Structures are given as C-alpha cells and as structure tokens.
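*Asks:* The structure that follows is given in the form of structure tokens.
Quick note: the coordinates plus some simple rules give every number you see, no bench work behind them. Just so you know, these numbers come straight off a predicted model, no measurement behind them. Here the Cβ is made from the backbone with ideal geometry for all residues, glycine too, and neighbour counts use every protein chain on show.
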Amino acid sequence: MRIGAMNHPVRPLLREIEVLAGLGFDLLELAMDPPCAHHGQVRQQSRAVARSLEKYGLALVCHLPTFVYPADLTESIRRASIAELLDAATVAAGLGAGKVVLHPPPVNGLGPQVPELSGRYVEQALRQVLEHCFRLELVVCLENMFPVYGGFWLPEHFAAWLEEYPGLRLTLDAGHANIGRGSAGAMAFVRRFGPRIGHLHLSDNDGRRDRHLPLGEGTVDFRSLAAATAGLDPDLTVTLEVFSDDRSLLQASRARWKALLAGG
C-alpha cells in the first residue's frame, strides 16, 4: 500500500516534492491549486516535476482543483470552473498520474434553494468532467464529502454514478465520513462499495468539523478502517491529509496507520 502526503499549494511545488520525499513518503498527491500548483504552473514545470518524481521514486496521484464551482448558478462561473477541471485533468494525464481525485460539484450560494436546477447543473458538470477524464484514460476517484456540502456524503449518493460508470472509483475520506456520522460513516462506504474504493484520505477530527488532525487526535475509528482494507483493491493508495506546519505529525500518523494495518 503506497502511502503519501499532499503538497501545500502556497509553497513552491518542486521544494514540496523534495520535502515530502525526505520524510519517507512514496506517493505525492498533487493538489492542483493556486498560487503555486495551478495546472498552468504545473504544465510549465512538467519536465522538472517528472524528473523530481522519478529521482525520489514517488508515485503520483493528482487532486483536481478544489476551489472551483462547476454547478454555480452563474453560467460564467460554471464554465470557468469546468474549464479549470478539464485543463487540470489534461495536465495530470501528461504527467502520467496513476489516479485523479475529484470533488463532486458543490451546491453553493443560493443553490440549495433551487435544488432541481442545482441538481441538473451538478449532473451536467460531473458528467462532462468524468467523460473527459475517461477519454484521457485517467482513473477517477470521486471523493465523499460532508453534510453541509449539499450532497455526495452518503453511500447512496454515489450508487447511480458507480453503476453508470464501471471505471469510476471512490476516494474514501475518513475525516469527511466522520462528520455527523462517527464511526458508522467510513465503514458504510466500505461495506457497500469496498471493491470500488481506489484511494483513501486519512485525517482525524471531532465529528463536527473537517480539522485535518493527526491520526489518533479525534474520534475517527481508524482501527476498523485499517482492518477492512485487507479486502479492498490491492492497488489501494493512501494520502495522509494532516495539515500542519509541523510535518513530523505526518510521519507520526503514517507510523500509526502502518501499526494498525499490522494489527497493532
């Protein structure tokens, strides 16, 4: 099981690769967000990025842009957001990313007050991005979110999409699944869609907010999740989403996860 960490997009990307490799990780999840990892900048640095990944033996998963609104009620915002996702996917494919992580389109602004319209925009945007990624032969791992997101936080929200697109996989975010549901959250996804889970995001929280704490500092049931991974995809990859300036906490979380995998 390859275990990785995510670059901080406010820091220069090549330096981030060097730092994370120095911490002993074997996978980079490339967050393709500005100011330092926008797809345009990544494209300009693509040869240097590829050389650096090869030098350090890092596998690559790309996280398509997070701070976009492809189901926004404003058409120009929808168009621009979808364009950002499509362009980022093209760059990810050029880098040879093994997988891409995709957030479902959020329902934002006044969208919750017009659910039928918002739902149509969500479907249109998601379908457009998925089909573009599949044409690029990318493995898309669609991520579970949390209640205030406006959808895609329960297993049943994913069922029709997984049925329609057999190549689609899930990113199971254990922290997201813990919000409002506790230990039942992540395991519900494993029980229903275990073989379709292609990637994990691991961080801890108190069940109320997505705090990205080190493993063991909140209420996420990582022991049960670790035990369940034995039956998941043999190519399952993991990103520790522990966001702190003290990156030794990433290493401590990795050690804890490995101990749990070993039955500790």
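*Asks:* Please report how far the C-alpha centroid of segment 114-137 lies from that of segment 154-188, rounded to the nearest whole angstrom.
*Replies:* After rounding, the separation between the Cα centres reads 18 Å.
*Asks:* While we're on this one: For the chain, what is the mean residue ellipticity at 222 nm derived from helices alone (per DSSP H run of n ≥ 4: -39500 (n - 2.57); sum divided by total residues; nearest 500 deg cm²/dmol)?
*Replies:* -13000 deg cm²/dmol
*Asks:* Let me know the volume per residue of the alpha-carbon convex hull for segment 56-156, in Å³.
*Replies:* 107 Å³
*Asks:* Moving on to the next point. Give the relative contact order (percent, whole number) for the chain; include only Cα pairs under 8 Å separated by 6+ residues.
*Replies:* 15 percent
*Asks:* Using the Karplus curve 6.51 cos²θ - 1.76 cosθ + 1.60 with θ = phi - 60°, what ³J(HN,Hα) values do you get for each residue of segment 117-134, in whole Hz, with x for Gly and Pro?
*Replies:* 5, 4, x, 5, 5, 4, 4, 4, 5, 5, 4, 5, 5, 4, 5, 4, 4, 5
*Asks:* Go through segment 1-69 and name the chymotrypsin sites (Phe, Trp or Tyr not before Pro) that are in a DSSP coil and have 11 or fewer other Cβ atoms within 10 Å of their Cβ.
*Replies:* Here the chymotrypsin sites (Phe, Trp or Tyr not before Pro) that fit, given the DSSP loop and packing criteria, are Phe67.
*Asks:* Run through all the Cα pairs of the chain and give the fraction in each 5 Å bin from 0, expressed as whole percent.
*Replies:* Calculated over all Cα pairs of the chain, the distribution is 1, 6, 13, 18, 20, 18, 14, 8, 2, 0, 0 percent.
*Asks:* Same structure again: Give the long-range amide H neighbours of Leu170: residues separated by 5 or more places, or on another chain, with amide H under 5 Å away, using H modelled in the peptide plane at 1.01 Å from N.
*Replies:* Correct list: Leu142, Ile197, Gly198, His199.
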